[in-house]
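> Quick one: the structure is below, questions incoming.
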Amino acid sequence: MNNDQNCIIDYIEQQDDNIRPLLYQVHEAIRGVLPKAEERISWKMPTYWDGHNIIHFAAFTKHLGIYPGPDAILHFSDELKSYKTSKGAIQLPYNQPIPIELIKDITCWCYQTGNHH
């Protein structure tokens, strides 16, 4: 973690009460995969860094954005068919279960392959 060890917690605490638990789940899932990654805020988003940006997430009004980079979107295209994606981004609507295991798999893949953006 960087000097501000609570930067991602602070980000989560600033979000709406109804999505905070989901954000904590995502944060804990990513931390579980990347226990040694530095946690920081980059581009106003929670970011996990280890020599490069590995993955980001961000809260929006109707969805959670996950930002693993374009190579990850391509690699996981079959698993992401039911979600809106764009170059490097995944939109996970709050009105559907958040796929925590898929987020872990994507995070792990990004770290292991050195995929960064």
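The values are calculated or read from the model by the stated rules, or taken from the named source; none is laboratory data. What you see is a predicted model; the values in this text were computed from it and never measured. Cβ coordinates were reconstructed from backbone atoms using ideal geometry, including for glycine residues, and neighbour counts include every protein chain displayed. Each accessible area value is taken on the protein alone, full model and side chains, heavy atoms only, with ligands, DNA and RNA left out. Shrake-Rupley method; radii C 1.70, N 1.55, O 1.52, S 1.80 Å.
> What number goes with the only condition from (1) open to solvent by 60 Å² or more (accessible area, probe 1.4 Å); (2) without any contact (Cβ under 8 Å) to a residue 24 or more places away in the chain that ARG20 does not pass?
In the conditions (1) open to solvent by 60 Å² or more (accessible area, probe 1.4 Å); (2) without any contact (Cβ under 8 Å) to a residue 24 or more places away in the chain, ARG20 misses (1) alone.
> Can I ask one more? Among residues belonging to region 80-94 that are touching a residue at least 24 places away in the same chain (Cβ under 8 Å) and open to solvent by 40 Å² or more (accessible area, probe 1.4 Å), point out the one that is nearest to the chain's Cα centre (by Cα).
GLN91
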